[in-house]
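Contents: one structure, followed by commentary.
Nothing in this text is a laboratory measurement; each read-out follows from the coordinates by a stated rule. This structure is a prediction, so every number in the text was calculated from the model and none was measured. Every residue, glycine as well, gets a Cβ built from its backbone with ideal geometry; the counts of neighbours run over all protein chains shown.
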Amino acid sequence: MSRLSSTDTPVEEEAEVVESDEAREALLAKIQTELGDAVVGSHLSPGDDLWVRVDRSAWAAAGAYLKTGLGFEYFNFLSAIDWKPSPFGRDMDAQVDLSLGHDEASEIDMAIEQGVAGGDTRFQVFARVNDIVNGLGVTLKADVPDDDLSIDSWVTVYAGANWHERECFEMYGISFEGHPGLRHIYLPAGFEGNPLRKDYPLLARRLKPWPGIVDVEQMPGDDDPADAAETTEAAE
Amino acid sequence: MTAISDREQLSYIAAQAADARVNVEIETEGMTLNIGPQHPATHGTLRIVAKLDGEQVIAADPIMGYMHRGYEKLAEVRTYPQVTTLINRIDWVGSFANEVPFILAAEKLMDVEAPPRAAWIRTILFEMSRIANISLFLGDMGLQVGAVTPAFFAFRDREHVLNQIEAATGGRFHPNFDRIGGIKDDLPAGWIAETKRAMKKIRSFCDEIEGLLQGNEIFEARCRGIGVIPADVGLSYGLSGANIRASGVDWDTRRDNPCGLVHNELDWKVWTHPDGDSFARFWVRLQEVRESTRMVDQLCDGLPSGPVMAKVPRIIKVPAGEAYVETENPLGVMGYYVVSKGDLTPYRVKIRSASFNNISITPWLLKGVYVPDIVTILGSLYFILGDIDR
C-alpha cells in the first residue's frame, strides 16, 4: 500500500517510492496533451490512484475525452466538497470526546485548505470514472467559484451522472448546466438549505446532545484506571 | 421436466409482446400508477411513479429519500472508530461488508496494514455477509414471480450463516467488528468446523433453489428476455456487481483491484452471463453464492496464525490526505472517498453505494416494459433501500 501525501509533490520527490507508475503517468500525459492549459493541477500516487484538476470550462470536455478517447467508460460517482471549515467547530461535542485530544480552547480555524491536486475555491466538484479493461481509475476535480455555483452537466456523456448531479445540487446548491431535470432527489421539494455544506448546522446534535463515550461499556481486560474510575462514577 | 431452449423461449416472448402491442393500439387513456412507497417489490420504501399506456410503462420515475439518514453529514462529527457503527446500517443484510472499505480507506491514509490473520478473517466475514445477503435475494427472486417456497428456504439456510457471524462478532445484523489495524477479536474455538458445515448447507440450498426455479416454466417466462441491459448502457450508469456481470462485463473488484483483502490467494472464478436480462442477474448471483462458499472453505483451511490487530494508537488521528477505496460488496461496488485533515473525525466522507447507481438505470430500463415485469426487474436488480438512501 503506498502512502498518500496531502501535498502536491511530484512523484520523483517522494523518497520511498519504489515503483514507478508508467500506466498512470502515460494517462496523465495524454490528458494534459488533450486538454492543454485546462489541466490546472494533478496528483499521482504511484501504483494507487490519480487525481486531475481541470478548469471548470473544460469539465464536460474532460469527461467526454476520458470516455471516448481513453476508454473510461465506467461512471463511478460524482459529488462535491465544501472546503470551508464549519463555523460551529466541535462545540456540540461531549466533554469526554473533547478530552480525547481535542484542545477545547483552540478557536476554529476558518482557513480554506484544499486537498490533493490543489484548488482555489470553497466548493469543488469531483467525479470518478474507471477504465475497467485496464483496471485504472481517475478522480477528476473542478473548482466552482462562489459567485457562480454552476458547472456543465455530464448527463450527455455519462447517463449515470443524472442522479449524482441531482444529489450534489440539493446537498451543495451547485447547479449543473444542461441537466434534464435538476430537482431534489432525497429531500422534500420545499426544503431550504444545502445540508452537506459545512455551515449548515447539524440539527440532530442541537436537539439531542451527543452523549460521548461514557455510555460505552468497558471491555473485559481493558483496565485503564482512569477509565475504570470514570465508569464507576457514571454507574453511581 | 423438459428444458426450454433459449430460442423457443425468445420466440414465445416475442409472440406475447406482439399480442400485447396489438392491444396497445386500441387507444387507451394514459394512467399514472403509483407503486409504493410500501410495496413488497421495493424492499423498503421506494416509490415508483409509472405513467402507463394500457399495460405498458411509458415513463417511470423512482422517488426515494424516505429513508435518507444523512450518513455523509453524520460521519463528519463522528470519530473514525465511531463511523463503522453508522455505516453498518447502509446495507443491512450484508452489514459487515459495509465496514470493510471504510476501514481500508482509513488504514490507507494512516499507512497501517492489518496483520495477515486479520485480513483473512476479514475476508471470511466479508464473503459470509455476501452469502447472507444474496441467499436472501435468491429466495426473494422466487417470491417476486409468485413462488413462496424459495423464500422460506432462504430464511432457513441463511440462519446458519447468521449464527456463525453472530458467534464470531456478537452481532447478527450489525457486527461492528472491523477495526482500524485489524479486527476486534479472534475467532472462537470450534468456529472453523461449524462454518464449514454451514457452507455445505448453503451449497445444498443453492442446489435446491436451482432445482426449484431454473427451468421452471413460469420463472423462465417471467425472467428470460425481460429487462435487458446492454453492457455499454450499464457501464455509463455505473452498474456494478452481478448486475453488470450479467451483461457480460467481466469485471470484479475482488479480482481486479484487491486492496487489503486476500481474494487473490484463492482459487475462484468470476461468473458472467451474456444475456443481461433478469434471469442472467439471478443466475450470476446464484453462482456467486456457490463461489463464495468455496472461498470461505479455502480461507478456513489456509487461515494463518498470528495477531489480529496491528499496533495502532489508542486515540486514532488520521493524517491529512484523500483516499478512495472500493470493494466488491454483495450489492456491487461500494467505495468510500475519505478526506482527512489530520483530525479525530473525517472532514468529508463520500459514500459510493452500489444500489444508488444500480437503481439509477430504472427510468431507462422500465421504459416500455409491462406492469408485471416492473416487479421482476426491480427484484432482479436487487437493491436495499438503505444502500440507496444512505
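Please state the shape class of the range B:326-386: rounded when a/c is under 1.5, otherwise prolate if a/b exceeds b/c and oblate if not, all from the C-alpha gyration tensor. Could you put the intermediate results ahead of the total?
On the way: a/c = 4.19, a/b = 3.12, b/c = 1.34.
Since a/c reaches 1.5 and a/b is larger than b/c, the shape of the range B:326-386 is classed as prolate.
Could you work out [θ]222 nm for chain B from helices alone, using -39500 (n - 2.57) per DSSP H run of at least four and dividing by all its residues? Round to the nearest 500 deg cm²/dmol. Please list the in-between numbers first.
Working: 16 runs with 193 residues, N = 390.
That comes out to -15500 deg cm²/dmol.
Which lysines does A:Lys198 reach when only Cα atoms under 26 Å apart count, and residues fewer than 8 places away in its own chain are ignored?
Output for A:Lys198: A:Lys84, A:Lys141, A:Lys208, B:Lys73, B:Lys108, B:Lys317, B:Lys341, B:Lys350.
Mind giving me the FRET efficiency for A:Val133 and A:Ala64? R0 is 22 Å, r the Cβ-Cβ distance, nearest 0.05 is fine. Before the final figure, lay out each step's value.
On the way: r = 18 Å, r/R0 = 0.84.
Efficiency, from the Cβ-Cβ distance: 0.75.
Is the C-alpha gyration tensor of the range B:52-130 telling us rounded, prolate or oblate? Criteria: a/c under 1.5 is rounded; beyond that, a/b larger than b/c is prolate, otherwise oblate. Intermediate results must be reported in sequence, preceding the final value.
Numbers: a/c = 3.36, a/b = 1.93, b/c = 1.75.
Prolate, because a/c is 1.5 or more and a/b exceeds b/c.
Mind sorting B:Leu299, A:Leu196, B:Leu378 by how few other Cβ atoms lie within 10 Å of their own Cβ, fewest first? Each step should come with its number before you reach the end.
Working: B:Leu299 24, A:Leu196 21, B:Leu378 27.
Fewest-to-most Cβ neighbours within 10 Å comes out as A:Leu196, B:Leu299, B:Leu378.
Between B:Ala167 and B:Lys269, what is the spin-label point distance in nm, taking each point 7 Å from the Cα along the Cα→C-beta axis?
3.0 nm
Normalising by the residue count of the range B:291-390, find the relative contact order in percent from Cα pairs under 8 Å and 6+ residues apart. List each step's numbers first, then the result.
On the way: 106 pairs, mean separation 19.2, N = 100.
Computed value for the range B:291-390: 19 percent relative contact order.
Let me spell out the model: positive unit charges on the Cβ of Lys and Arg, negative unit charges on the Cβ of Asp and Glu, origin at the Cα centre of the range B:169-287. What dipole size does that give, in debye rounded to 20? Mind showing how you got there, number by number?
On the way: 16 positive and 17 negative charges, 74 e Å.
Once rounded to the nearest 20, the dipole reads 360 debye.
Just want to confirm a number: the relative contact order over chain B, from Cα pairs under 8 angstrom separated by 6+ residues, in percent. Walk me through the numbers before you get to the answer.
Values: 751 pairs, mean separation 98.4, N = 390.
Across chain B, relative contact order equals 25 percent.
Taking beta carbons within 10 Å but only from partner chains, what does the mean come to for residues A:152-163?
Working: counts 0, 0, 1, 0, 0, 1, 4, 9, 13, 4, 5, 11.
Neighbouring Cβ atoms belonging to other protein chains average 4 per residue here.
Quick one: 3J(HN,Hα) in Hz for the range B:246-263, Karplus 6.51/-1.76/1.60 with θ = phi - 60°, rounded, Gly and Pro as x.
After applying 6.51 cos²θ - 1.76 cosθ + 1.60, I find 6, 9, x, 8, 8, 9, 9, 4, 4, 8, 8, 8, x, 10, x, 9, 10, 4 Hz.
For B:Lys51, list the lysines whose Cα falls under 29 Å from its own Cα; do not include residues on the same chain fewer than 8 positions away.
By straight Cα distance, B:Lys51 reaches B:Lys367.
Under the Karplus relation 6.51 cos²θ - 1.76 cosθ + 1.60, θ = phi - 60°, what is the ordered set of whole-Hz ³J(HN,Hα) values for the range B:330-339, x standing for Gly and Pro?
Values, residue by residue: x, 8, x, 6, 10, x, 10, 9, 9, 10 Hz.
Quick one: length gained pulling B:Glu159 to B:Lys201 fully straight, 0.36 nm per residue minus the C-alpha distance? Intermediate values should be presented prior to the final figure.
Numbers: separation 42, 0.36 × 42 = 15.12 nm, distance 1.04 nm.
Working it through step by step, the gained length comes to 14.1 nm.
Taking amide H atoms as placed 1.01 Å from N in the peptide plane, list the residues 5 or more away in sequence, or in a different chain, whose amide H sits under 5 Å from that of A:Phe77.
HN-HN under 5 Å from A:Phe77: A:Arg128.
If you place +1 on the Cβ of every Lys and Arg and -1 on the Cβ of every Asp and Glu, how big does the dipole about the Cα centre of chain B come out, in debye to the nearest 20?
On the way: 41 positive and 49 negative charges, 284 e Å.
Once rounded to the nearest 20, the dipole reads 1360 debye.
So for the pair A:Ile112, B:Ile315, with labels modelled 7 Å out along Cα→Cβ, what separation do we get in nm?
It works out to 3.1 nm between the two label points.
With a bin width of 10 angstrom, please list the P(r) values of the range B:79-364 as percents of all Cα-Cα pairs, from the 0 bin to the one holding the largest distance.
Percent of pairs per bin, in order: 7, 29, 35, 21, 7, 1.
Under the definition of partner shielding as Cβ atoms of other protein chains within 10 Å of a residue Cβ, what is the mean value for peptide B:340-348? Mind showing how you got there, number by number?
Details: counts 3, 6, 1, 4, 7, 4, 0, 8, 9.
Partner Cβ neighbours, averaged per residue: 5.
What spacing in nm lies between the two simple spin-label points modelled at B:Thr149 and B:Arg255, each 7 Å away from Cα in the Cβ direction?
3.3 nm
Check which residues have an amide H placed less than 5 Å from B:Leu52's amide H, if you skip close sequence neighbours.
B:Met31, B:Thr32, B:Leu33, B:Ile58
GNM, chain B, Cα, under 10 Å: largest mean-square fluctuation among B:Gly260, B:Gly248, B:Gly306?
Answer for the Gaussian network model of chain B: B:Gly306.
Work out the mean other chain Cβ neighbour count within 10 Å for the residues of B:98-110 and drop it here as an integer.
The shielding value for this peptide is 1.
Mind listing the long-range amide H neighbours of A:Val40? Cut-off is under 5 Å, sequence gap 5 or more, other chains count too, H placed in the peptide plane at 1.01 Å from N.
Those qualifying (amide H under 5 Å, at least 5 residues apart or on another chain) are A:Arg53, A:Val54, A:Asp55.
Mind ranking B:173-183, B:208-218, B:278-288 by how tightly packed they are, going by the mean number of other C-beta atoms within 10 angstrom, highest first? Intermediate values should be presented prior to the final figure.
Values: B:173-183: 22.2, B:208-218: 16.0, B:278-288: 24.7.
Put in order of decreasing packing, that is B:278-288, B:173-183, B:208-218.
Towards the positive end of the charge dipole of chain B, with charges on Cβ (+1 Lys, Arg; -1 Asp, Glu), say which of B:Val369, B:Pro188, B:Met141 has the farthest Cα.
Working it through, the farthest residue towards the positive pole turns out to be B:Pro188.
Please label the shape of the range B:113-256 as rounded, prolate or oblate, based on the square roots a ≥ b ≥ c of the eigenvalues of the alpha-carbon gyration tensor (a/c under 1.5 means rounded; beyond that, a/b larger than b/c means prolate, else oblate). If you can, show how the numbers build up before the last one.
Details: a/c = 2.72, a/b = 1.41, b/c = 1.93.
In terms of gyration-tensor shape, oblate.
Ordered by residue, what ³J(HN,Hα) values in Hz, to whole numbers, does the range A:113-122 give under the Karplus form 6.51 cos²θ - 1.76 cosθ + 1.60, where θ = phi - 60° and Gly and Pro are x?
9, 7, x, 4, 6, x, x, 10, 10, 5
Let's test the formula: R0 of 30 Å, r as the Cβ-Cβ distance of A:Lys30 and B:Val228. What FRET efficiency results, to the nearest 0.05? Show your work: numbers first, answer last.
Values: r = 34 Å, r/R0 = 1.14.
Using R0 = 30 Å, I get an efficiency of 0.30.
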